[in-house]
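The values are calculated or read from the model by the stated rules, or taken from the named source; none is laboratory data. Given the structure is predicted, the values throughout are model-derived calculations rather than measurements. Note: ideal-geometry Cβ built from the backbone for every residue, glycine included; neighbour counts use all protein chains shown.
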Amino acid sequence: MNVYVEGVLALMGINILLALSAYAILATDRLSLGNAGFMAIGAYVSSYLSVNLGWGLLPAFALGGLTAAAVGLLVGLPVLRLQGIYFVMGTLAFGEIVRTFFQNFEPTGGAYGMRGMFGTSLGMIYACVAVFLALFLAYGMARAGLAADAVRDDDEAARSIGINVVAVRLLSFAWGALIAGVAGALFAHYALYIESGNFNFLVSANAVLFVILGGVQTVWGAVVGAIILSLLPEGFRFLADWRLTAYGFILVAVMALRPEGILTRGMLRSLRRLLARTA
Amino acid sequence: MLAQQIVNGITLGSTYALIAIGYTLVLGVLNKLNIAHGELFMVGAFTGIAVARMGAPLAVSLLAAFVLAGLMAVVIERTCFYPLRNASFLSPMLSTIAFGILLQNLATQFFGSDPSRFPDTGASFQLSLGTLSVSAIHIAILATAFGLMIGIDLLVRRTRWGIALRATSDDPETAAQQGMHPSRVTMTTFFVSGALAGVAGMLTTLVYSQVTPHIGIRQGLIGMVAMVIGGLGNLRGAMIGGLAIGLVETMNDAYFSAGYRDLVIFSIFFAFLIFKPEGLFPAHRSS
């Protein structure tokens, strides 16, 4: 496999993880524009462990992800009390605070960034994608997943049948933070160099756009959206300089014409029926 | 020294106020966020630069920034908000993020990703009062920004359009029954909102002459912070919020550390959202 293809596939895998992290929170009807903050925490913590303390990759990645999840629980408690656009702005503020914190935090390089990380392989990235996706599917079939569905569809009704709406949202938020943290750890040890600017607002926004374009109703929407939007700029190579403009244009057009995203639950059902008939 | 910082802070803050006013006007009418609002600042900045490069006087640059950013805001309304008017508040917000990415890439296409500069204005006049010195550019910015702030305040409080705007903000259905056109009010509100952000962009390039296609991201966020501090949907609150952030920024740079500037501002933002989400001046809502 040549270096170019490998690079595209690696970033695609990391984008799928970011989309899953945004989906975890969206699945409870809350939209976070701060997941780049969790990604940064995972990236910097794992890098500090592997470079400065000589930890192995696996424990470093695990602790990076868990730190992000712990911060998710702490931040989620006050932020999840906010409604509507206030919640969106709360997560946005969180993401910017984390970014500017690492811009100034000397032990992890401050404005100069961090280097010395290495070791992420394509196999590791897609193993993480497979594990998280499997957990999503198992969770979707479990009682807890049904509770999350209920919270998304109608949180008042969910509350009335004894579901702890706050707990469901908080755990989903931390779960999304964990995935973003692992994505950050993988990214840091793939890119070899990180700086706080790698984790800006646009990264959070893209994670959500992957899910919205793919479709918010199923976890496969997140995967499909991340794959399409990662490959789109590459497919537009023939447009040379204009490819990113074309990318933006397509995003705007899809939002206006198909706001529910490409994949819907109904579409998955008919797809499954079609497969059953042909099999 | 302190007086100088206050003048600098108010100058900077007046441009933030112009951004925040537009943010809060749109939010007041639709109760939705226009995340591409900061990009209108960028559109105004580059329009001003392009027109000035053709040799036009400052006033023409300013007018061009006003009109083009205003029109771009109307395009955003027609593309991102109108088709999604019945969807959840999240859909148009995400659509504006996509529109913002589109505008950033378009600007990169035309102006490159290296910082662009405003051509030298040749203004060398300095007003000196003791140790305090205020340049002609600062005076022009202050006069334009405060003139527009007073103008928009009068427009909203005293004119038929202002009445329609406030009526539509309070209750769009009743306003429509009274013969107002919510769609037309929304479009004019977007125009005004974009025009003010465009002027802010053009004015800012006069002093902080480095403009990149991504400048709008931070400016939009700062406008959002100013809006929240002043209270969502509150016009005068947005003005005060903008001035306050300008002062915080210059004081931080002068007496603390420029590196911590945005960490301080976003921490204040977060604290407001958690502890005082209604802001300093909660908007009066009849509903």
Just need a number here: residues in the range B:241-287 that are among the aromatic types (Phe, Trp, Tyr) and more than 14 Å from every other protein chain (Cβ to nearest Cβ). 2
Could you tell me which of the residues B:Ile21, B:Ile6, B:Ile10 is under 26 Å from B:Leu106 (Cα atoms), at pLDDT 90 or above and either β-branched (Val, Ile, Thr) or surrounded by fewer than 24 Cβ atoms within 10 Å (Cβ to Cβ) (or both)? B:Ile21
Could you grab me the full set of residues in the range A:78-90 that are farther than 17 Å from B:Leu232 by Cα, buried (at least 17 other Cβ atoms within 10 Å of the Cβ) and within 9 Å of another protein chain (Cβ to nearest Cβ)? A:Val79
So B:Ala254 ticks every box in (1) surrounded by fewer than 17 Cβ atoms within 10 Å (Cβ to Cβ); (2) at pLDDT 95 or above but one. Which box is left unticked? (2)
From the residues in the range A:209-258 that are touching a residue at least 24 places away in the same chain (Cβ under 8 Å) and facing another protein chain (nearest Cβ under 10 Å), which one is nearest to B:Thr108 (Cα to Cα)? A:Leu251
Being surrounded by fewer than 17 Cβ atoms within 10 Å (Cβ to Cβ) and of a type in the set (A, V, I, L, M, F, W, C) narrows it down to one of A:Ala111, A:Ala188, A:Ala180, A:Ala148, so name that one. A:Ala111
Exactly one condition in (1) farther than 20 Å from B:Met149 by Cα; (2) of a type in the set (Gly, Ala, Ser); (3) within 13 Å of another protein chain (Cβ to nearest Cβ) is not met by B:Ala52; state its number. (3)
Answer residue from the range B:75-111, given it is among the small types (Gly, Ala, Ser) and more than 7 Å from every other protein chain (Cβ to nearest Cβ) and is farthest from B:Phe41 (Cα to Cα) among those: B:Ser88
Sort out for me the helices (runs of 4 or more DSSP H) sitting completely within the range A:81-156 that have 2 or more residues that are in contact with a helix residue (DSSP H, G or I) (Cβ under 9 Å, 6 or more places away or on another chain) and closer than 30 Å to A:Val51 by Cβ. A:84-104, A:122-141
Just one of A:Val254, A:Val211 is under 14 Å from the mean Cα position of the chain (by Cα) and outside any loop (DSSP other than H, G, I, E, B); which is it? A:Val211
Run down B:Gly242, B:Gly223 and say which single residue is in a helix (DSSP H, G or I) and in contact with a Gly (Cβ under 6 Å, 6 or more places away or on another chain). B:Gly242
Can you name the residue in the range B:207-218 that is surrounded by fewer than 24 Cβ atoms within 10 Å (Cβ to Cβ) and in a helix (DSSP H, G or I) and, of all such residues, is farthest from the chain's Cα centre (by Cα)? B:Val207
I'm trying to understand the selection: among the residues of the range B:264-287, which are modelled with pLDDT of 95 or more and in contact with a Leu (Cβ under 7 Å, 6 or more places away or on another chain)? B:Leu273
Given (1) in contact (Cβ under 8 Å) with a residue 24 or more places away in the chain; (2) buried (at least 20 other Cβ atoms within 10 Å of the Cβ); (3) more than 9 Å from chain B (Cβ to nearest Cβ), A:Ala93 misses just (3)
Whichever residue in the range A:96-108 is touching a Leu at 6+ places or on another chain (Cβ under 8 Å) and not β-branched (Val, Ile, Thr) and, among such residues, is surrounded by the most Cβ atoms within 10 Å (Cβ to Cβ): A:Glu96
I'd like the residue in the range B:250-287 that is acidic (Asp, Glu) and closer than 19 Å to A:Ala111 by Cα and, out of all such residues, is farthest from the chain's Cα centre (by Cα). B:Asp253
Lone qualifier among B:Arg184, B:Arg166 - being assigned to a helix (DSSP H, G or I), of a type in the set (D, E, K, R) and under 20 Å from the mean Cα position of the chain (by Cα): B:Arg166
Report yes if B:Tyr16 is within 24 Å of B:Arg166 (Cα to Cα), within 14 Å of chain A (Cβ to nearest Cβ) and assigned to a helix (DSSP H, G or I), otherwise no. no
Within the range A:152-176, how many residues turn out to be hydrophobic (A, V, I, L, M, F, W, C) and in contact with an Asp or Glu (Cβ under 7 Å, 6 or more places away or on another chain)? 1
Please go through the range A:201-213 and give me each residue that is of a type outside the set (Val, Ile, Thr) and closer than 24 Å to A:Ser121 by Cα, ordered by number. A:Ser204, A:Asn206, A:Ala207, A:Phe210
So is B:Val228 crowded, with 24+ Cβ neighbours inside 10 Å and of a type in the set (A, V, I, L, M, F, W, C) or not? yes
Of the residues in the range A:171-197, those that are within 14 Å of chain B (Cβ to nearest Cβ) and part of a helix (DSSP H, G or I) number 2
